[in-house]
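This report concerns only the one structure given below.
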Amino acid sequence: MKAKQDFPSINERKAQGLKSTGEPYRVLVVDDSMFVTKQISQILTSEGFEVTATAADGIEGVERYKELYPNIDLVTLDITMPKMDGVSALEKIVEFDNNACVVMISALGKQDLVKKALLVGARNYIVKPLDRKKVLERIVMSLNR
Amino acid sequence: MRVEYINPFVESAYGVIQEVLGAEVERGELYLKSTSMPVLGVAAIVGLAGDVEGRVLFDMSKETAIQVASQMLRSMGMEPIDELNDMGRATITELANMITGQAVTKLHDLGFKFDLSPPAIFTGDNMEVSDPGVEALIVPMQIPQGKVEINVAIRERT
């Protein structure tokens, strides 16, 4: 009888959403658009990430982060949002947790805005339209930094 | 209205629609309108404020909106819609947001500084829009799902 390991594995690659321990990275998605939240969640969960919570504006995003901390590994943050914009929310999150892994996702790619977000402490900045490859590449890069 | 403001919107609309819908876009003739004008049924609006001020309206019929949203949802492996529900409205709003965001980025690189408001969407019959004191430029685009009009009214802040 053949043992399981005698068969070649067709998928050697580990899902990108899993830590070396095999546990999923836990993600907080902050975006005021239901469409974008679903789009990002869909991309991430298909690679094994766990979308732990979502928030629809900057204030809610900061609150969620504080509640979830330290059981949260990554935040995706929109910029143009009601109540509190993404860059202000980023400042608050970084002030609370200097090691927070935050990736900005916005339709705006203005250079000074990107620069500001990176200076404040964002690990990466993804400009929309989103595609699966772009999102996963940047997020994995940010987590490994 | 200066043409520098308009081209980025036209280019972005063209590029983003092509990318997210995977469809050919046919551009119609641009025209200016200074009186109030009818809106096709579903209108997503994004406000601009800074060196220039005004608004951009993305206007289409309800049927077109349902088909455009469905195509965007399908391309992500999500369920298409058969009525303009919350997800449908969020999808059209996001399309407007992506186009405006990209246009604002281009304008910013040309030296115009201004910010965007979060987008809003209006739906209904027999709607009209008027912008007292500002001429609106309409950019009609034909896609397989129907007609989308991009209606830009911007003026320099004095």
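Here are the numbers:
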quantity: Check on B:Ala49, modelled with pLDDT of 90 or more, aliphatic (A, V, I, L, M) and open to solvent by 40 Å² or more (accessible area, probe 1.4 Å); calculated: yes
quantity: Any chance B:Ala13 is closer than 16 Å to B:Gly146 by Cβ, within 13 Å of chain A (Cβ to nearest Cβ) and surrounded by 14 or more Cβ atoms within 10 Å (Cβ to Cβ); calculated: yes
quantity: Residue count, region B:20-39 (criterion: in contact with a helix residue (DSSP H, G or I) (Cβ under 9 Å, 6 or more places away or on another chain) and surrounded by fewer than 17 Cβ atoms within 10 Å (Cβ to Cβ)); calculated: 6
quantity: Among (1) in contact (Cβ under 8 Å) with a residue 12 or more places away in the chain; (2) within 14 Å of chain A (Cβ to nearest Cβ) - the single one B:Asn126 does not satisfy; calculated: (2)
quantity: Boolean, B:Asp115 is open to solvent by 30 Å² or more (accessible area, probe 1.4 Å), facing another protein chain (nearest Cβ under 9 Å), not in a helix (DSSP H, G or I) and not hydroxyl-bearing (Ser, Thr, Tyr); calculated: yes
quantity: Breaking point among (1) at the interface with another protein chain (Cβ under 9 Å from one of its Cβ atoms); (2) buried (at least 24 other Cβ atoms within 10 Å of the Cβ), for B:Ala65; calculated: (1)
quantity: All positions within region B:75-103 that are of a type in the set (Ser, Thr, Tyr) and within 9 Å of chain A (Cβ to nearest Cβ); calculated: B:Thr91, B:Thr93, B:Thr100
quantity: Subset of region A:46-88 (residues that are modelled with pLDDT of 95 or more, among the polar types (S, T, N, Q) and open to solvent by 20 Å² or more (accessible area, probe 1.4 Å)); calculated: A:Thr52, A:Thr54, A:Asn71, A:Ser88
quantity: Hits in region A:102-123 (condition: buried (at least 21 other Cβ atoms within 10 Å of the Cβ) and more than 14 Å from chain B (Cβ to nearest Cβ)); calculated: A:Val102, A:Val103, A:Ala122
quantity: A:Ala89 more than 10 Å from chain B (Cβ to nearest Cβ) and of a type outside the set (D, E, K, R); calculated: yes
quantity: Qualifying residue in region B:87-109 (condition: assigned to a loop (DSSP other than H, G, I, E, B) and open to solvent by 20 Å² or more (accessible area, probe 1.4 Å)); calculated: no
quantity: Strands (runs of 3 or more DSSP E) wholly inside region A:66-145 containing at least 2 residues that are in contact (Cβ under 8 Å) with a residue 24 or more places away in the chain and among the aromatic types (Phe, Trp, Tyr); calculated: none
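The values are calculated or read from the model by the stated rules, or taken from the named source; none is laboratory data. All values derive from a computational prediction rather than experimental measurement. Don't worry about glycine lacking a Cβ; one is built from the backbone with ideal geometry, like all the others, and counts go over all protein chains shown. In case anyone asks, the SASA skips ligands and DNA or RNA and just uses the protein heavy atoms, side chains included. Shrake-Rupley method; radii C 1.70, N 1.55, O 1.52, S 1.80 Å.
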